[in-house]
Amino acid sequence: MTQIVWIARHANRLDFVNPDWFNTAERPFDPPISDDGTVQAQQLAQRLKTENITHIFASPFLRTVQTANQVAQVLDLPIKLESGLSEWLNPVWMPTMPERLSIEALAELFPRIDTSYTARVIAEYPETGEQALERSAKTARLLADEFSEDILLVGHGASVLGATMGLVGGISKPEVNAALCCLVKIVRQDQEWVMELNGDTSHLSQTEKVIRFH
């Protein structure tokens, strides 16, 4: 059996472009993507439009949903919100569980969200970096096994790393170039997973020079 799992990081964040946004934001730990982030997400969608992706899974944070929505529109697919792909719920970054839009509110903004889907893994605050990697690794394995077609996972820096390690990790953990709006391509042939793209950004007209995780 051949299966492809695509893993993408969300596009550029508004608070990366305008750090002052954080100070007055209603939900400071759930920023939207920036204007140039929208362009990145559109370029990601164009990169994937000829691929045989059957299911799109996205972290329930706004920036990942916005990124996934651009791809979903081009591929004419629903979006399944998967908590297991969430941001690293790091207590050093966030004093409490970060406030996000409800699934209902997100579905109003993004009608492609499949409200019948139930997340297979629930991210729980607080968590260590190792726990975040293990959580997203478990998520990737569960989704790849349950949905045997080609799938796309849209997550964050840490969950891109974790999901990749969950499939191709083994003893030697791969170094993943988890830049904004990057692509990882992992191919399963029989029971062996092989990474064919590692944080590819060739579809983007602009890329970040320093990879940021927060």
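The values are calculated or read from the model by the stated rules, or taken from the named source; none is laboratory data. Every value quoted in this text rests on a predicted model; they were computed, and no experiment measured them. Glycine gets a Cβ as well: all are built from the backbone with ideal geometry, and neighbour counts include every protein chain shown.
Within the option set ASP35, ASP30, being of a type outside the set (Lys, Arg) and over 29 Å from LEU142 (Cβ atoms) holds for one residue only, ASP35.
Does SER148 fit the bill of being under 22 Å from GLN189 (Cβ atoms) and among the small types (Gly, Ala, Ser)?
Details: under 22 Å from GLN189 (Cβ atoms): yes; among the small types (Gly, Ala, Ser): yes.
Considered against the rule, which asks whether it is under 22 Å from GLN189 (Cβ atoms) and among the small types (Gly, Ala, Ser), SER148 comes out as yes.
Within region 190-201, being farther than 20 Å from ALA68 by Cβ and either crowded, with 17+ Cβ neighbours inside 10 Å or at pLDDT 85 or above (or both) holds for GLU192, TRP193, VAL194, MET195, GLU196, ASN198.
Checked against the criterion of being surrounded by fewer than 24 Cβ atoms within 10 Å (Cβ to Cβ) and over 26 Å from LEU133 (Cβ atoms), region 88-104 contains one or more residues that satisfy it. Counted as qualifying within region 1-84 are the helices (runs of 4 or more DSSP H) with 1 or more residues that are at pLDDT 95 or above and closer than 29 Å to ASP190 by Cα, namely 35-48, 62-75.
A single entry from ASP15, ASP35, ASP76 fulfils the requirement of being within 26 Å of GLN131 (Cβ to Cβ) and surrounded by fewer than 24 Cβ atoms within 10 Å (Cβ to Cβ): ASP15. All of (1) farther than 15 Å from VAL5 by Cβ; (2) surrounded by 22 or more Cβ atoms within 10 Å (Cβ to Cβ); (3) touching a Gly at 6+ places or on another chain (Cβ under 6 Å); (4) not small (Gly, Ala, Ser) hold for VAL121 with one exception: (2).
To keep it simple, each residue is scored yes or no on (1) surrounded by 15 or more Cβ atoms within 10 Å (Cβ to Cβ); (2) modelled with pLDDT of 95 or more; (3) closer than 25 Å to ASP76 by Cβ.
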{"position": "GLU146", "(1), (2), (3)": "no, yes, yes"}
{"position": "ALA163", "(1), (2), (3)": "yes, yes, yes"}
{"position": "LYS209", "(1), (2), (3)": "no, no, no"}
{"position": "ARG212", "(1), (2), (3)": "no, no, no"}
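Among residues of region 177-191 that are in contact (Cβ under 8 Å) with a residue 40 or more places away in the chain and under 16 Å from ILE4 (Cα atoms), those with a beta-carbon under 6 Å from a residue that is in a strand (DSSP E or B) and aromatic (Phe, Trp, Tyr) at least six positions away or on a different chain give the pairs LYS185/TRP6; ILE186/TRP193.
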